[in-house]
Every structure is written in structure tokens, then in C-alpha cells.
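Q: Below is one structure. I have some questions about it.
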């Protein structure tokens, strides 16, 4: 009888040890970004801070991060490496990064973020729960308010230039939407494709004398080398308007866009849900829910315009 009890005790103890060891095993989250720049970095920081706020500190979750430094081949290599690590979730920051990861796995949960149109990018089939291993958060902003901002900065603007990467879906979607919106208002869009970061300056120079204002969205090539665009705009006295708040500090006259840190926090909430057992295919893709206006009066002056006082007063951020 004592021997049997001892066997039972040993079996129970072994079971409890196994359960406690399993419970103590930290979760793992892998984060990949297509490139380093302030908006994407802020998104990453927001994700990590949200995990910490939910109780997932370094003892409860292992986080690894890699940037592809703007190289799609590198993004594919990072995706394959992360998939081999078998994390509990992969966060893909930007459309190219998400496309690389989703093409490489159909099983590991993937959360995209800072993706303008996940449907057009073929990350998901619709805005409904995907039923797959993919969900995420879009940084899409309505085009109408962007054109409103352009006209507040440059009321007589008729021709709007846009430097963008033709290989980036989030940018080609915006080009189409912007063209349609401008047409409705009797305005025109002048396109300046820039396939690589080194093409941004020549593309911007091609707009000089042809446009009244230059608009930029969240195009990763353009954002990565925004100062070169600012240099052209300052010299030519062409106002820069943006859909990415981070570039107001770097020389845009005004920007209306997502708070990318808050977008990261929103993304992080979805990651927490996955770590706690929900399936990505049951979570509908979301759109970032915090817009803010940033203005840079000094940059505007360099670009030949004075920002209206009411616009400056309405801004959530005024760059000094």
C-alpha cells in the first residue's frame, strides 16, 4: 500500500512539475520591419509597451526584432528565420514586411501593422475575420481631409505632386484615391515615381515648376530619405504636406496622420489576445483610431507659405 501511495505521489509530483514548467515557459514574439524610420520605430515601441502594460515583461515574453533595411530579399530571409524559431506571433511592420512573412507561413499567427490597404496588398481577402493565420491594423487615413489640409496650407493649389514608390502597394492605392479626390475638386495629380531611395531626389526635382504643392503618404522609400525631399521643396519654395506626422519634425509644413506609437499600442492589444489563446482568423482587421495634426511654421516659411493661425491653433503638435 505504501509503495502504491509512493508511486502515486511521484506521478502527481511529476505532473505538477511538468505543468509548472510549461506555465513558466515564456511566450515569444518576433517583430520585423521593412526599414528603420521614426514612424515604424514608434509602431514597434508601441507594440512592446502594450505587451509590458498587459503583464508581458521580459520574464513572460521573449521579443526579438530585426529590420530588413529596405531590402525585400532580406525581409524574406528574416521571415524564414523567424518562422524557423516558431514564435507565438509575428508582428510585421509595413506592407512589404507583411507580404514577406505571410508568403512564408500559413500556420504561425501574423499581425500586420502600418499597412494602408491589407486587402489590396492581398494580406487578407476582406475586412472581415480572415479565417486564416492573419490579422492586423491598418494606418489608412481618409483622403478627403488630406486634400482639405493641402488647401488650408495653399488655398490656390491646383496641381499636387506626389513622390512615391511604384512597387509599394500602400502608395499606389493612395495615388489612385488622391487622383480621384483631386479630380472631384477640379485639381490634378502629377506623379513622380521613385523606385529606390536614391530616386527620391530626382523625382522631387522633376516636379519643380509643375506643381503648387507636394504631398507624401507613408511610403517607406520616401520617408527613409525625407530630408532630401525637404531640400528640394525648400529651394523651390513648394510646400510639403504629409500623411505621416513624424515628418513634420523633419521639414514638412503640415502633416495629418496616425499617431504611430498609438497604432503600435493598438497592434499590441491584438498580440496580447493571441498570446492569451485567441485565433488570428477570428479577429477582424482594424484601422488605427487616433489621428493628429502636426504643423511646422518655420518649415512652411522656408517653403514659401505662412500657415493660417487657426490651423496652427488646431494642431496637436506645433514644431518650434
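Every number in this text was worked out from the coordinates using simple rules, so none of it is lab data. Since we're looking at a predicted model, the values are computed, not measured. When we count neighbours, we look across all protein chains shown, and the Cβ atoms used for this are built from the backbone with ideal geometry, even at glycine.
Q: Over all directions, average the projected area of the Cα convex hull of the stretch 213-320 and note it in nm².
A: With the hull built on Cα positions only, its mean projection is 7.9 nm².
Q: Taking the inverse of the average 1/r across all pairs of different Cα atoms in the stretch 184-233, what Kirkwood radius in Å do you get?
A: 11.4
Q: Given the Cα-Cα distance of residue 128 and residue 71 and 0.36 nm per residue of separation, how much length would full extension add, in nm?
A: 17.4 nm
Q: Using a Förster radius of 22 Å, what is the FRET efficiency between residue 279 and residue 52 based on their Cβ-Cβ separation? Nearest 0.05, please.
A: Between residue 279 and residue 52 the formula returns 0.40.
Q: Once the Cα atoms of helix 72-85 and of the chain are each reduced to a long axis, what angle between those two axes, in degrees from 0 to 90 to the nearest 10, is obtained?
A: Relative to the chain, helix 72-85 is tipped by roughly 20 degrees.
Q: Assuming R0 = 41 Å, can you tell me the calculated FRET efficiency for the pair residue 185 and residue 106, based on Cβ-Cβ distance, to the nearest 0.05?
A: Computed FRET efficiency for residue 185 and residue 106: 0.40.
Q: Hey, what's the Kirkwood Rh for the stretch 65-215 if you take every pair of different alpha carbons, in angstrom?
A: Taking the inverse mean of 1/r over all distinct Cα pairs, the stretch 65-215 comes out at 17.0 Å.
Q: Arranged by the count of other C-beta atoms within 10 angstrom, fewest first, what order do 276, 317, 181 take?
A: Going from sparsest to densest Cβ surroundings: 276, 317, 181.
Q: State the extension gain, in nm to one decimal, for the chain segment bounded by residue 62 and residue 148, taking 0.36 nm per residue of separation less the distance between their alpha-carbons.
A: Answer, rounded to one decimal: 26.6 nm.
Q: Also: Take the alpha carbon atoms of the stretch 49-105, find their center, do the same for the stretch 217-287, and report the distance between the two centers in whole angstrom.
A: 18
Q: Among 152, 249, which comes first, second and so on when ranked by fewest other beta-carbon atoms within 10 Å?
A: Fewest to most other Cβ atoms nearby, the residues stand as 249, 152.
Q: Could you tell me the ratio Rg/Rh of the chain? Both radii from Cα atoms, Rh via Kirkwood.
A: Here the Rg-to-Rh quotient is 1.11.
Q: Which angle between 0 and 90 degrees, to the nearest 10, do you get for helix 38-53 versus the longest principal axis of the chain when only C-alpha atoms count?
A: For 38-53 against the chain, the angle is about 30 degrees.
Q: Which one, 72, 258, 162, has the greatest fluctuation when you compute a Gaussian network model over the chain with C-alpha springs under 10 angstrom?
A: Most flexible of the set in this elastic network: 72.
Q: Roughly what would the spin-label model give for residue 85 and residue 196, points 7 Å off Cα along C-beta, in nm?
A: Going by the 7 Å Cα→Cβ label model, 3.0 nm.
Q: Does anyone have the angle between helix 143-153 and the longest principal axis of the chain? Alpha-carbon axes, 0 to 90°, nearest 10?
A: Result, in degrees: 40.
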